[in-house]
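The values are calculated or read from the model by the stated rules, or taken from the named source; none is laboratory data. The shown structure was predicted, so the numbers you read here are calculated from the model rather than taken from an experiment. We place every Cβ from the backbone using ideal geometry, glycine too, and count neighbours over all the protein chains shown.
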Amino acid sequence: MTPGVRPLIAGNWKMNGTLREAAALAEGVRAGLEGVRGADLLICPPFVHLHVAAASMGWKAVAIGGQDCAAEPNGAHTGDVSAAMLSDAGCAFVILGHSERRADRGETDVLVKAKAGAAIEAGLIPVVCVGETEAQRDSGEAEAVVAAQIAGSLPEGFTEAKGVVAYEPVWAIGTGRTPTEGDIVAMHARMRAELVARFPGQGGTTRLLYGGSVKPSNAASILALANVDGALVGGASLKAADFLAIAAAVPA
Ligand code: PGA
């Protein structure tokens, strides 16, 4: 945790579920909110489920986010969704530069930075993901890789817009494996230092999330670490009870 920073527990639903299941999951999260006191909550459904999720939340109790947006504001970009469209559909946040998009869709730091700029322009809070591959960690490059992604992916105005950075080691996503607590603390300290150096005013209180196989059984210990200001949760966010248990594990 970072003193004075309210943690954020974000659920990344990825490409899962039907419209009916999305409505039920959102409703399940909303129904269990009394148990969550120490954190803000965010759910990020697929585009076509955003509206029903936002409606289930009464449009406010839990924030809604997209999983990507276009860098362009509008126009002839078949298949893309703009940041303003996300905002209009009830979103306050958007995940950008997830490793699945960097790997599967060839997204570069330059593109992620442009998308984050478009998100800020539309009044959305970008959640920019960074993280090393297993080979990069094994060769001792993890911190340098993440520092370069931070330098290349965050636009000007990122901290003023309350932008969030999520550290997600690629090898920990969906695998059940997590870095050691020492490795998480070291990486988050490095990320904090990079943010403070680039954004002296607000980099000290930018939320830094950890993501990668976060579940109810490991949430309390991860969320108590220095400079870990919440979690980005994939698989475990698809069960309302597990997502709520992770949020309830934020130290009071
Ligand atoms: P996971 O995914 O929790 O299933 O490991 C995290 C993510 O990709 O955001």
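Within the stretch 71-90, the set of residues being part of a helix (DSSP H, G or I) and free of Cβ contacts under 8 Å to residues at least 24 places away in the same chain comprises MET85, ASP88.
Give the stretch 82-114 a look and list any residue that's within 16 Å of the ligand (Cβ to nearest atom), touching a Gly at 6+ places or on another chain (Cβ under 7 Å) and not hydrophobic (A, V, I, L, M, F, W, C), or say none.
SER99, GLU107
I need a count of the residues in the stretch 27-48 that are buried (at least 22 other Cβ atoms within 10 Å of the Cβ) and in contact with a Gly (Cβ under 7 Å, 6 or more places away or on another chain). Total meeting the criteria: 3. Scanning the stretch 1-21 for residues that are surrounded by fewer than 16 Cβ atoms within 10 Å (Cβ to Cβ), in a loop (DSSP other than H, G, I, E, B), more than 16 Å from the ligand (Cβ to nearest atom) and not β-branched (Val, Ile, Thr) returns PRO3, GLY4, ARG6. Among the residues of the stretch 174-187, are any under 15 Å from the mean Cα position of the chain (by Cα) and either buried (at least 20 other Cβ atoms within 10 Å of the Cβ) or more than 13 Å from the ligand (Cβ to nearest atom) (or both)? No, every residue in the stretch 174-187 fails to be under 15 Å from the mean Cα position of the chain (by Cα) and either buried (at least 20 other Cβ atoms within 10 Å of the Cβ) or more than 13 Å from the ligand (Cβ to nearest atom) (or both). Inside the stretch 100-140, can you point out the residues that are in a helix (DSSP H, G or I), surrounded by fewer than 23 Cβ atoms within 10 Å (Cβ to Cβ) and among the small types (Gly, Ala, Ser)? Residues satisfying the conditions are ALA103, ALA114, GLY117, ALA118, ALA135.
The selection criterion, being more than 16 Å from the ligand (Cβ to nearest atom), among the aliphatic types (A, V, I, L, M) and surrounded by fewer than 16 Cβ atoms within 10 Å (Cβ to Cβ), holds for ALA24.
Take the conditions (1) within 14 Å of the ligand (Cβ to nearest atom); (2) surrounded by fewer than 21 Cβ atoms within 10 Å (Cβ to Cβ); (3) of a type in the set (D, E, K, R); ARG190 misses just one of them, which is (1).
Residue count for the stretch 194-216 under the criterion of being surrounded by fewer than 16 Cβ atoms within 10 Å (Cβ to Cβ) and within 13 Å of the ligand (Cβ to nearest atom): the result is 0.
For the stretch 147-163, the condition holds for no residue, the condition being that it is in contact with a helix residue (DSSP H, G or I) (Cβ under 7 Å, 6 or more places away or on another chain), among the charged types (D, E, K, R) and either within 23 Å of ALA197 (Cα to Cα) or in a helix (DSSP H, G or I) (or both). Does the stretch 91-99 include one or more residues that are outside any helix (DSSP H, G or I), closer than 18 Å to VAL233 by Cβ and touching a Lys or Arg at 6+ places or on another chain (Cβ under 6 Å)? Among the residues of the stretch 91-99, at least one is outside any helix (DSSP H, G or I), closer than 18 Å to VAL233 by Cβ and touching a Lys or Arg at 6+ places or on another chain (Cβ under 6 Å), which makes the answer yes. Among the numbered criteria (1) within 19 Å of ALA241 (Cα to Cα); (2) away from the ligand (no atom under 16 Å from the Cβ), which single criterion is violated by HIS51? It fails just one condition, (1). Taking the numbered list (1) at pLDDT 95 or above; (2) under 12 Å from ALA247 (Cα atoms) in turn, THR18 passes all entries but (2).
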